[in-house]
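A.B. asks: There's a structure below that I have some questions on.
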Amino acid sequence: QVQLVESGGGLVQAGGSLRLSCAASGTIFSINAMGWYRQVPGKQRELVATRTSGGSTNYADSVKGRFTISRDNAKNTVYLQMNSLKPEDTAVYYCNAAIRSSVGGGGLKDYWGKGTQVTVSS
């Protein structure tokens, strides 16, 4: 009913930049928040950045000053601009959204994309 599709991942050299995109589609009444998480094999998924519909943002300490999250509400799309990339940024990046499908339906539900690989070479 709701689908999140990420794009923009790839291979980049250390110090380079990359921009990720995530578009939400399906039965959507409102999106209260969207964000990005990342995960490497053998470790827990961790928060990278989130942004609420009101514009509040939250960043992991490791990416502050380097990454910027933004939203295009009309397109139900969230972006992650990644600058000054480091090898330790290498991970699968997952899009996340808290979505309300209808006024009379249930509460907010979390949805996840299938992930996009980001690899930063030394």
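A.B. asks: Count neighbours as other Cβ atoms within 10 Å of each site's Cβ, and list the trypsin sites (Lys or Arg not before Pro) in the range 83-122 that are DSSP loop with at most 11 such neighbours.
C.D. replies: Qualifying residues, ordered by number: Lys114.
A.B. asks: A follow-up question, please. Lysines within cross-link reach of Lys86: Cα-Cα under 17 Å, excluding same-chain residues under 8 positions apart?
C.D. replies: Lys86 reaches Lys64.
A.B. asks: How much length is gained if the chain between Ile28 and Thr119 is pulled fully straight, taking 0.36 nm per residue apart and subtracting their Cα-Cα distance, in nm to one decimal?
C.D. replies: Contour length minus Cα-Cα distance gives 29.6 nm.
A.B. asks: Still on this structure: Could the peptides 31-40, 74-83 be put in order, highest first, of the mean number of other beta-carbon atoms found within 10 Å of their residues?
C.D. replies: Sorting 31-40, 74-83 by mean packing, highest first, produces 31-40, 74-83.
Every read-out reported here was derived from the displayed coordinates using simple, explicitly stated rules and does not represent laboratory data. Only a predicted model underlies this, so the values are computations on that prediction, with no experimental measurement involved. All Cβ positions, even for glycine, are placed from backbone atoms using ideal geometry, and neighbour counts span all protein chains on display.
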